[in-house]
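J.: First, the structure itself, so that you have it in front of you.
Nothing in this text is a laboratory measurement; each read-out follows from the coordinates by a stated rule. These figures come from a predicted structure and were not determined experimentally. For neighbour counting, all protein chains shown are included, and Cβ atoms are generated from backbone atoms with ideal geometry for every residue, glycine included.
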Amino acid sequence: MHTVKNHGRDVYIMNKVLVLLAASVLAGAASVQAQEAEDVRMMRLAEGAGCVICHSIGTGSKGPHGLKPIGPAWVSVAQKYRDDPEAVSTLTQIVLEGSDPKSSHWEGEISSGMGMPGNSLVINDDDAGALVAWILNLAR
Ligand code: HEC
C-alpha cells in the first residue's frame, strides 16, 4: 500500500516536472518567435526607408563597380559603438539629420566624400530609434 501511495506521488511530481519543462520550452520558442518578428519588422523598415541602398547588414559586400561600400555594414556599426552608452541617441540623430562628410566616422572604410543624407523624410523618429537600437544589437 505504502509503495503504491509513493508511486502515485512520484507520478504526480513527474507530471508537474513535465508540465514545467513543456512551459519553459514553449516560452523559449515564443521568445525566438518574437525576436524573428522583430527582425522582419526592422528589415522591412530598412527596406522601406531605402537604408539598404547604401548599407548591408553583414560585412564583405562591395559598393558599386566593386568599390568600397557606400555606407558601413551594420554589423561593423554595432562593433564600433559596442561600449558607447550614448550610441542609440547620437546615431539616431545622425540617421535623421545626416552626417558631415568632412568629419566621417568611417574614414578609409567606405567610399569617401558623400556622407549620409538626412533620412527624416523617409522614417519617423520612433522608427529610426528602434532601427538604430536593433542595428546596435547585431554584434551581441
Ligand atoms: C545614400 C546612402 C545612405 C542611405 C540611404 C543611408 N545611409 Fe546610413 N550611412 C551612409 C554613409 C555614407 C554613412 C557613413 C557616415 C560617416 O562617414 O560618418 C552612414 C552611416 C550610418 C550609421 C553610422 C553613423 C556613424 O556616425 O557612425 C548608421 C547607424 C546608419 N548609417 C544607419 C542608416 C539608416 C537606419 C538608414 C535608413 C533610414 C540609412 N543609414 C540610410 C549612407 C547612407
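J.: What is the sum of charges, Lys and Arg at +1 and Asp and Glu at -1, for the other residues whose Cβ falls under 13 Å from the Cβ of Gln93? Could you put the intermediate results ahead of the total?
T.: Values: positive: none; negative: Glu86, Glu97, Asp100, Asp125.
Charge balance in the 13 Å sphere: -4.
J.: What does the net charge come to around Ala73 if you take all other residues with beta carbon closer than 13 Å to its beta carbon, with K and R at +1 and D and E at -1? Can you show the working numbers first?
T.: Numbers: positive: Lys62, Lys68, Lys80; negative: Glu109.
Counting the neighbours of Ala73, the net charge comes to +2.
J.: If I stretch the segment between Leu26 and Cys54 completely, what's the gain in nm (0.36 nm per residue apart, minus their alpha carbon distance), one decimal?
T.: Working: separation 28, 0.36 × 28 = 10.08 nm, distance 3.85 nm.
Additional length available on full extension: 6.2 nm.
J.: Follow-up question, since we're still on this one. If you add up the charges near His55, with Lys and Arg at +1 and Asp and Glu at -1, over every other residue whose beta carbon is less than 15 angstrom from its beta carbon, what do you get?
T.: On the way: positive: Arg44, Lys62, Lys68, Lys80; negative: Glu47, Glu109.
That works out to +2.
J.: Figure the gain on full extension for Val17 and Gln93 (residue separation times 0.36 nm, minus the Cα-Cα span) and round it to one decimal in nm. List each step's numbers first, then the result.
T.: On the way: separation 76, 0.36 × 76 = 27.36 nm, distance 4.96 nm.
Stretched out fully, the Val17 to Gln93 stretch lengthens by 22.4 nm.
J.: Can you compute 3J(HN,Hα) from phi for each residue in the stretch 8-23, using the Karplus curve 6.51 cos²θ - 1.76 cosθ + 1.60 with θ = phi - 60°, rounded to whole Hz and x for Gly and Pro?
T.: x, 5, 4, 4, 4, 5, 4, 4, 5, 4, 4, 4, 5, 4, 4, 4
J.: For each of Thr59, Thr92, count neighbouring Cβ atoms within 10 Å of the residue's Cβ, then give the residues from fewest to most. Write down the numbers at each step before the final one.
T.: Working: Thr59 13, Thr92 20.
Listing Thr59, Thr92 from fewest to most nearby Cβ atoms yields Thr59, Thr92.
J.: For His105 and Ala133, what does the FRET efficiency come to when R0 = 22 Å and r is the distance between their Cβ atoms, rounded to the nearest 0.05? Present the calculation step by step, with values, prior to reporting the outcome.
T.: On the way: r = 18 Å, r/R0 = 0.82.
Computed FRET efficiency for His105 and Ala133: 0.75.
J.: By counting other Cβ atoms within 10 Å of each Cβ, how are Ile94, Ile53 ranked from fewest to most?
T.: Numbers: Ile94 18, Ile53 10.
Exposure proxy ranking, most exposed first: Ile53, Ile94.
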